[in-house]
1. Within region 198-254, work out how many residues are assigned to a loop (DSSP other than H, G, I, E, B), more than 30 Å from residue 169 (Cβ to Cβ) and in contact (Cβ under 8 Å) with a residue 12 or more places away in the chain.
2. Determine the pairs where a residue that is farther than 13 Å from residue 381 by Cβ, located within region 13-24, has a partner that is surrounded by fewer than 13 Cβ atoms within 10 Å (Cβ to Cβ) and at pLDDT 95 or above with Cβ atoms under 7 Å apart, the partner being 6 or more residues away or on another chain.
3. Restricted to region 168-210, and to residues that are farther than 15 Å from residue 256 by Cβ and under 15 Å from the mean Cα position of the chain (by Cα), which residue is surrounded by the most Cβ atoms within 10 Å (Cβ to Cβ)?
4. Under the condition of being without any contact (Cβ under 8 Å) to a residue 60 or more places away in the chain and in a strand (DSSP E or B), which residue from region 272-296 is nearest to the chain's Cα centre (by Cα)?
5. Could you list all residues from region 340-360 that are closer than 15 Å to residue 51 by Cα and crowded, with 19+ Cβ neighbours inside 10 Å?
6. Just one of the numbered conditions (1) part of a loop (DSSP other than H, G, I, E, B); (2) touching a residue at least 60 places away in the same chain (Cβ under 8 Å); (3) not assigned by TED's automatic domain parsing to the domain that holds residue 172 is not true of residue 35; which one?
7. Name every residue in region 362-379 that is touching a strand residue (DSSP E or B) at 6+ places or on another chain (Cβ under 6 Å) and either surrounded by 18 or more Cβ atoms within 10 Å (Cβ to Cβ) or within 23 Å of residue 307 (Cα to Cα) (or both), in order of residue number.
8. List every residue pair whose Cβ atoms lie under 8 Å apart, where the two residues are 6 or more positions apart in sequence or sit on different chains, the first residue falls within region 128-151 and is over 20 Å from residue 354 (Cα atoms) and assigned by TED's automatic domain parsing to the domain that holds residue 225, and the second residue, located anywhere, is at pLDDT below 95 and assigned to a loop (DSSP other than H, G, I, E, B).
């Protein structure tokens, strides 16, 4: 059997950053054989410059919105962003499919091996049948009006069945709520029966108006409902923020991924972290800056020892689908965050959140996580000029 050996300036094993005395050994098909000291590795390892890492996990993406790249204005706030997406998401089918194909190619070249992808339609089915990535497909439902709960859920279930048939299993597939402000109580109840053993994701506190709406029934979200002709006259608020209100609805989920968390307070983060040890906060910093021009309180998440993963969001709200670009943005605004933390969020944490920890995320023997090399021009591990390429 043929083997390959890789030696770089640094080797990130999925958890820790190791020095250049370590050599990664794989089988010819990319299956990890082990990490050994260079004195035990034998002759002629392939020498690389930079950080050798497992393939990246993009924990939150909207692949089906790839055709909206460059069409949505920046820094308008969430309400205007949502209205722009709703107005423009229906497009020429051929263009949608071509954009999805190009976006998959971009992620592949950016070292991504697994994707948590939001699905509101079946537009990505054909491309995903090629199985270039490990996907966790999140069938996302929205419906604020109670009398539409059953029809919305039935649509979601039919979409779920189509994705299950394509994938050949239901282990990495679930029906999820879009956001607290877009799901009625009857729809929450229908969704909850499907939560056990699943990873459930939800957009969370992406705008300050979300909490205002739940506390008092007022704020900017009311304008969005008005323009979308959704009747909210019976809702007068709950007296509490959106996350305290809806988090109990998620108690039956195995894993929870809260996405964005742009306006989550320290109290919210602490409450959520204590709610479920398998709750993950997903950072999409470039999308946060694109939409609201604000970043979540990442240092507080770290202080609370929270589980963190990284996503790209969509090309409607981002310029690239690159986990490395997200890490570079975090590094730019929070330079004290250790590179090993960023890489853990992008690899082993992401794999665990998407229930791919037995296949991906680290360099443990028997796994096939993909291999990426991160290269920097300056004498830093990851800087604003860093790039990456996929080795396997």
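The values are calculated or read from the model by the stated rules, or taken from the named source; none is laboratory data. Note that the coordinates shown come from a computational prediction; the quantities given were computed from them, not determined experimentally. Cβ: placed from backbone, ideal geometry, glycine included. Neighbour counts: every protein chain shown.
1. So the first thing to find is which residues in region 198-254 are assigned to a loop (DSSP other than H, G, I, E, B), and the list is 198, 205-207, 217-220, 228-241, 251-254.
Checking the rest, the ones that are also more than 30 Å from residue 169 (Cβ to Cβ) come to 205-207, 217-220, 228-241.
After this cut, where a residue has to be in contact (Cβ under 8 Å) with a residue 12 or more places away in the chain as well, the list is 205-207, 217-218, 220, 228, 230-232, 235-241.
Qualifying residue count, region 198-254: 17.
2. Correct list of pairs: 21/37; 22/37.
3. Checked region 168-210; the qualifying residue surrounded by the most Cβ atoms within 10 Å (Cβ to Cβ) is 206.
4. Result: 281.
5. Pass one, region 340-360, residues closer than 15 Å to residue 51 by Cα: 340-344, 346-347.
Result: 342, 343, 344, 346, 347.
6. Going through (1) part of a loop (DSSP other than H, G, I, E, B); (2) touching a residue at least 60 places away in the same chain (Cβ under 8 Å); (3) not assigned by TED's automatic domain parsing to the domain that holds residue 172 one by one, residue 35 breaks only (1).
7. Applying the first criterion (touching a strand residue (DSSP E or B) at 6+ places or on another chain (Cβ under 6 Å)) to region 362-379 yields 362-363, 365, 367, 369-370, 372-375.
The answer is 362, 363, 367, 369, 370, 372, 373, 374.
8. 144/230; 144/232; 145/230; 145/231
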